[in-house]
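*Asks:* Take this structure, written in structure tokens, and hold onto it; I'll ask about it next.
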Amino acid sequence: MSELTGLPSLSRRSFLQVSSAALACHFLTEAVMAQDATLHITYPDGAVRINANENPLGPCAAAREAVTAAAALGGRYHFNLTDELINTFVQQQGLKRENVMAYAGSTPGLYYTVAAFTSPKASFVTAEPGYEAGVGAAKAVGARVVNVALTKTWAHDVKAMLTAAPDAGVFYVCTPNNPTGTLTSHEDVEYLVEHKPKGSVVLIDEAYIHFSDASSCIDLVKSDKDVVVLRTFSKLYGMAGLRCGFAIARPDLLKKLVAYGVAERKAANTKVREATFSWLDKNGYTYSPSVCNCFMLKAGKPAKEVIAAMAKQNVFIGRPWPSMPDWVRITVGTQDEMEHFQTAFQKFMKGTAAGHVYDPTLERDLDGVIVTA
């Protein structure tokens, strides 16, 4: 069995790297980060919040009931419940117990993997545009960051990633990708795994996998490949504020959730997303062919101006990406929220709504993660 099928035990040096990354990247809980007045955004009443890839439906009824029931037990440490949680997931996925570690969401696993396998001699390779949290962790341990443009079909360019960094320690693949919502095929991920430098790992972030019909890369873990797969229930399952990596419930509740709740939520997101795309097509706008709950939209104007103008109309959209200066990221909200977005965006594009002074905190909301500049 490969020693990289799970996170390895940390040496003193690795532990210090992990600790440095955690501190430098403000690796804190949502509650702690919210206390920082310089980063906290206060939304007006009725604000349309489609800026952070959150699920507007929140947790399902079964999850809310489980949280309420657990609150009464909150005065004690229940370490056994973590084991039960992991065992449930292991049984569902056909994995071995030693392959899985539980965290508060997928963020810790991302930071720890980057800190453990990158260094000044081992680069961090990622897509551009892509999710930036790993970049902050890599910089914290002194690793070189290599950004590789997506292909013309919006997928990770795995061959270019291999060529760009023969010294790589971590190849980061977010699929579906944040911010474009687009997929990288299982075949391409396999190619990357088979041709990567010896000693490196492929970090596969499946935060948005539940929105799509794509095959998971968990099978690569079962095959003892040098991969780390990240999962979170912050997105489709609506638990971003709860910081939960897996659904927490009895097996019978979990079975019902998987059989009904997930399918309904996925269908709801798809319906709203496709309706939004239909409107965008009708009005001649260009966007990334997303399969999840976010997409990139070409405004043809500086992203910061678009964000400011939308905020003035009480519609909050995603932050800018330097490689796509005239594009903005849009999170798929409810149908009502997306109709408000359409109205506000159309007003801006037609010149009837101007922006105000740009607020830099609007672009520092990294979906629950604060990354150093």
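The values are calculated or read from the model by the stated rules, or taken from the named source; none is laboratory data. Predicted model, so just to flag it, every value in this text is computed and none were measured. Neighbour counts are summed over all protein chains in view; Cβ atoms, including those assigned to glycine, are modelled from backbone coordinates with ideal geometry. Heads up: the accessible areas ignore ligands, DNA and RNA and are worked out on the full protein's heavy atoms, side chains in. Shrake-Rupley method; radii C 1.70, N 1.55, O 1.52, S 1.80 Å.
*Asks:* Going highest first, how would you order 172-178, 145-151 by mean Cβ packing within 10 Å? Before the final figure, lay out each step's value.
*Replies:* Working: 172-178: 26.7, 145-151: 17.6.
The densest-packed peptide leads the list: 172-178, 145-151.
*Asks:* How would you rank 313-323, 278-288, highest first, on the average number of other Cβ atoms within 10 Å across their residues?
*Replies:* Numbers: 313-323: 19.5, 278-288: 13.5.
Descending mean neighbour count gives 313-323, 278-288.
*Asks:* Right, another one. At 25 °C and 0.890 mPa s, what whole-number value in µm²/s does Stokes-Einstein give for the translational diffusion of segment 99-146, with Rh from the Kirkwood sum over Cα pairs? Walk me through the numbers before you get to the answer.
*Replies:* Details: Rh = 11.1 Å.
In µm²/s, the coefficient rounds to 222.
*Asks:* Moving on. How much of the accessible area of segment 142-222, probe 1.4 Å, is carbon plus sulfur, in whole percent?
*Replies:* Values: 1550 of 3080 Å².
Roughly 50 percent of what the probe reaches on segment 142-222 is carbon or sulfur.
*Asks:* While we're looking at this one, here's another question. With a probe of 1.4 Å, find how much accessible area segment 186-235 has per residue, and write the answer as a whole number in Å². Walk me through the numbers before you get to the answer.
*Replies:* Values: 1910 Å² over 50 residues.
It amounts to 38 Å² per residue over segment 186-235.
*Asks:* Taking θ as phi - 60°, what are the ³J(HN,Hα) couplings along segment 306-314 by the Karplus curve (6.51, -1.76, 1.60), each to the nearest whole Hz, with x for Gly and Pro?
*Replies:* Each residue's phi maps through the Karplus curve to give 5, 4, 5, 5, 5, 4, 5, 9, 6 Hz.
*Asks:* Which ³J(HN,Hα) values in Hz, rounded to whole numbers, follow from the phi angles of segment 98-106 under the Karplus curve 6.51 cos²θ - 1.76 cosθ + 1.60, where θ = phi - 60° and Gly and Pro get x?
*Replies:* Values per residue, Gly and Pro as x: 6, 7, 10, 10, 9, 9, 7, x, 8 Hz.
*Asks:* Return one whole number: the accessible area per residue of segment 64-141 in Å², for a 1.4 Å probe.
*Replies:* Computed with neighbouring chains in place, this is 50 Å² per residue.
*Asks:* Within the set LYS139/LYS266; LYS304/LYS347; LYS139/LYS159; LYS139/LYS301; LYS222/LYS266, which residue pairs have Cα atoms separated by over 28 Å? Present the calculation step by step, with values, prior to reporting the outcome.
*Replies:* On the way: LYS139/LYS266 35 Å; LYS304/LYS347 16 Å; LYS139/LYS159 24 Å; LYS139/LYS301 30 Å; LYS222/LYS266 26 Å.
Those over the limit are LYS139/LYS266; LYS139/LYS301.
*Asks:* Using a Förster distance of 35 angstrom, determine the FRET efficiency expected from the C-beta separation of GLN335 and GLU98, and round it to 0.05.
*Replies:* Values: r = 44 Å, r/R0 = 1.26.
Efficiency, rounded to the nearest 0.05: 0.20.
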